[in-house]
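A quick write-up on the structure given underneath.
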Amino acid sequence: MSLNIGKNKTIIFAAIPILIILILVLYGVISQVVALGSEPPKVVLERPDPKYDKCVRDTEYMRFHHWQLLREIREDVVRYGRRGEIGLNRCKECHTSREKFCDQCHKAVSMTPDCYGCHNYQ
Amino acid sequence: MDSNEGIAQKQQEATVPENLETSSLSGNGGPVVIRSDLDFIESLRSRCGDFFMKCMQCGTCSATCMIAPDLAPFPGKEMAWASWGLRDRLLKDPDVWLCYQCNDCSTRCPRGARPGDLLAAVRQESIVQHAFPRFLSRWVNQPQAVPLLLSIPIILLSLALILREPVEKALGITRPVGDEILYSYSSIFPHWLLNNFFLFFTGLVIIAVIVGVVSFWGSMKAFVPAGRDITPVKGLMPSILSALKNVITHENFSKCTAERTRQFSHICIFFGFIALSCVTLWVMTLGINPLISGNFIYPFGFWSPWKILANLGGLALLVGIGLIIRDRMRHDEQAGAGNYYDWAFLATIFAVVATGFFTEILHYVRLEPHRHIAYFVHLVFVFALIVYLPYSKFAHIIYRTVAMVYAEYTGRNNGTSSNEGGK
């Protein structure tokens with residue numbers, strides 16, 4: 001009897017990890033097959049404001065480091081009371097659609113920035 | 001196998017100078033020549049202390065071992081061979097590899113001779129013996145060689161990174177720096193470079209492994225213990241399958257009584273590595289895999305199933321290696337004494353997991369040069385783990401599996417061909 005329990009336990013020990021691995025591998029393969037052919041998310045700039053001919057920094061910098069810039073600005077305002085020209089609210093003047101301009105890339109890289117908890121950006 | 005014969009021979013041995021060839025009468029009347037390899041004894045002593053010299057051949061270890069088949073027991077005979085310095089026999093003996101070092105024998109040995117530690121030491125000698133090229137296994141066995149062994153991957157990887165741009169230009173490889181927003185590692189470690197770098201060295205490892213396995217299989221075949229028939233009882237393929245089934249279900253681990261936690265920690269490490277290999281193999285196919293479309297951004301997002309699998313695998317590895325290190329430090333009698341060779345292996349696995357998670361954390365907190373440096377260190381340890389596999393304790397995944405296949409192949413485990421073993 002005790003031998004039987006031992007044997008079953010052994011099989012369960014091996015079966016659980018195998019099952020987890022199989023499910024995740026299948027899920028991974030299937031989700032990538034489903035996503036097949038869909039384009040990578042692109043930044044959409046819907047309504048460039050004629051007031052501006054370019055962004056506050058060059059495109060390459062903004063692409064990789066916009067979050068750093070926003071964090072610096074936040075630091076300046078919240079900690080030191082320095083309110084400058086640049087702000088999240090003013091991004092909206094050109095980049096009107098949060099869904100197209102911000103969310104689709106953030107979603108693709110599973111980023112959930114907490115900017116929008118306070119800032120109304122629609 | 002035959003303890004009466006063993007004791008008789010040992011008494012003979014004790015009366016003559018130890019390094020002389022001694023001959024005594026074997027059971028069937030023919031002369032038996034014993035050549036003691038004193039260097040080998042010395043080398044075993046340096047690995048596991050001289051506890052094994054205390055063995056009085058009572059046979060408790062063979063009787064208590066739950067893994068050894070009733071009609072072909074170990075490690076009693078190995079204890080005698082070790083004291084006699086019978087290097088050839090020990091290194092050709094598949095039984096030393098069937099031992100999982102549960103240490104049921106060590107904890108019950110009335111003399112404290114620690115058979116479990118001895119068999120571990122013999123396995124280390126066996127890895128050195130069959131390793132190709134031999135000098136690498138010598139380095140892996142020496143603490144002084146650690147800076148050398150680590151500087152090899154550091155230099156090779158740095159060289160690859162320095163040569164990256166000229167090679168990219170020469171081969172016309174362009175990396176995607178277009179409209180996609182990427183926060184990947186590919187700006188410094190492009191996919192093609194890592195793939196080819198590790199594929200090349202893994203190829204070398206596979207060659208070394210094949211040489212080792214051929215040499216090991218040949219030496220096991222060349223050694224026919226008295227009273228045992230080694231004609232195959234089943235085909236090679238069924239033997240491989242049943243050995244793999246035993247490996248995957250951890251059946252032998254479940255027989256251990258002294259060191260029970262080892263089954264759980266080994267399961268964690270085993271399946272952790274399998275999970276990580278699945279992810280790695282999938283990522284490696286990027287470029288030739290039609291199932292991966294253009295929106296493949298590496299590293300995966302946190303909730304991507306691949307990332308979940310990799311993180312779970314890494315966690316399992318961390319838990320398993322943590323438990324093993326804890327057990328080794330807490331009670332060495334059950335867990336095995338552990339010499340430099342054991343600790344080097346444990347430390348390498350720990351370093352791989354720790355630097356891996358560290359890199360991931362640095363990635364999430366977006367520390368720009370830091371995450372690349374951490375990733376570099378991670379790759380160095382991954383290289384050490386993979387490339388030194390045939391020479392380090394990691395080689396047990398090869399030699400133990402081969403020995404288990406051989407045991408199945410020759411009917412070692414069901415005792416059918418060892419009917420004379422218990423005479």
Can you give the mean number of other chain Cβ atoms that lie within 10 Å of the Cβ atoms in peptide B:247-255? 4
Summing -39500 (n - 2.57) over the DSSP H runs of n ≥ 4 in chain B and dividing by its residue number, what mean residue ellipticity at 222 nm do you reach, to the nearest 500 deg cm²/dmol? -19500 deg cm²/dmol
Ignoring ligands and nucleic acids, chains B and A bury, in total, an accessible area (1.4 Å probe) to the nearest 100 Å² of about 2900 Å²
Once you sort the root eigenvalues of the Cα gyration tensor of the stretch B:264-362 as a ≥ b ≥ c, which label holds: rounded (a/c under 1.5), prolate (a/b larger than b/c) or oblate (the other case)? prolate
In whole angstrom, note down how far apart the Cα centers of the stretch B:362-391 and the stretch A:87-122 are. 33 Å
Sorted peptide list for B:264-270, A:72-78, B:54-60, A:50-56, criterion being average Cβ within 10 angstrom, highest first: B:264-270, B:54-60, A:72-78, A:50-56
Modelling each spin label as a point 7 Å along the Cα-to-Cβ direction, I'd like the residue B:111/residue B:224 distance in nm, to one decimal. 3.2 nm
Need the full-extension length gain, residue B:169 to residue B:202, defined as separation in residues times 0.36 nm minus the C-alpha distance. One decimal, nm. 9.3 nm
What percent does the relative contact order of chain B come to when contacts are Cα pairs within less than 8 Å and at least six residues apart? 24 percent
In the stretch B:134-407, what percent of the accessible surface is made up of carbon and sulfur (1.4 Å probe, ligands and nucleic acids excluded)? 74 percent
Residues other than residue B:300 with Cβ under 14 Å of its Cβ, Lys/Arg counted +1 and Asp/Glu -1, net out at +1
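On average, how much accessible surface per residue is there in the stretch B:134-407, in Å², for a 1.4 Å probe, leaving out ligands, DNA and RNA?
47 Å²
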Unpartnered cysteines - no second Cys beta carbon under 4.7 Å - across chain B: B:48, B:55, B:58, B:65, B:99, B:109, B:268, B:278
Hey, can you list the residues from the stretch A:92-122 whose accessible area shrinks by 50 Å² or more with all protein chains present, relative to the chain by itself (probe 1.4 Å, no ligands or nucleic acids)? A:110
For chain B, Kirkwood radius (reciprocal of mean inverse C-alpha pair distance, Å): 23.7 Å
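The values are calculated or read from the model by the stated rules, or taken from the named source; none is laboratory data. Keep in mind it's a predicted model, so treat the numbers as computed, not measured. Methodologically, a virtual Cβ is constructed for each residue, glycine included, from the backbone with ideal geometry; neighbour enumeration extends over all protein chains shown. For accessibility, only protein heavy atoms count, side chains too; no ligands or nucleic acids. Shrake-Rupley method; radii C 1.70, N 1.55, O 1.52, S 1.80 Å.
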